[in-house]
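Written below as structure tokens is the structure these notes are about.
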Amino acid sequence: MNVLTWLIPVSLLLGGLGLAGFVWTLRSSQYDDPDGDSQRILTNDWDDKPRP
């Protein structure tokens, strides 16, 4: 039981760090790519058929 007094706070701390990192990436607009999909659909680089 003594181990749980260490593991629970450590796991909460690591989860909080992961959440803080995720929020930081959202606020710094790292997931925004408004022109990417519209440009990729017009190119022939990404076909459904692989090249032989």
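Let's see how each residue does on (1) at pLDDT below 90; (2) among the aromatic types (Phe, Trp, Tyr); (3) surrounded by 10 or more Cβ atoms within 10 Å (Cβ to Cβ); (4) over 23 Å from the mean Cα position of the chain (by Cα):
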residue	(1), (2), (3), (4)
Trp6	no, yes, no, yes
Leu12	no, no, yes, no
Leu19	no, no, yes, no
Pro34	yes, no, no, no
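Residues checked against (1) surrounded by 10 or more Cβ atoms within 10 Å (Cβ to Cβ); (2) in a helix (DSSP H, G or I); (3) at pLDDT 75 or above; (4) among the basic types (Lys, Arg):
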{"position": "Met1", "(1), (2), (3), (4)": "no, no, yes, no"}
{"position": "Val23", "(1), (2), (3), (4)": "yes, yes, yes, no"}
{"position": "Leu26", "(1), (2), (3), (4)": "yes, yes, yes, no"}
{"position": "Ser29", "(1), (2), (3), (4)": "no, no, yes, no"}
{"position": "Asn44", "(1), (2), (3), (4)": "no, no, no, no"}
{"position": "Lys49", "(1), (2), (3), (4)": "no, no, no, yes"}
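The values are calculated or read from the model by the stated rules, or taken from the named source; none is laboratory data. Everything numeric here is computed off the predicted structure, so don't read it as measured data. Neighbour counts are summed over all protein chains in view; Cβ atoms, including those assigned to glycine, are modelled from backbone coordinates with ideal geometry.
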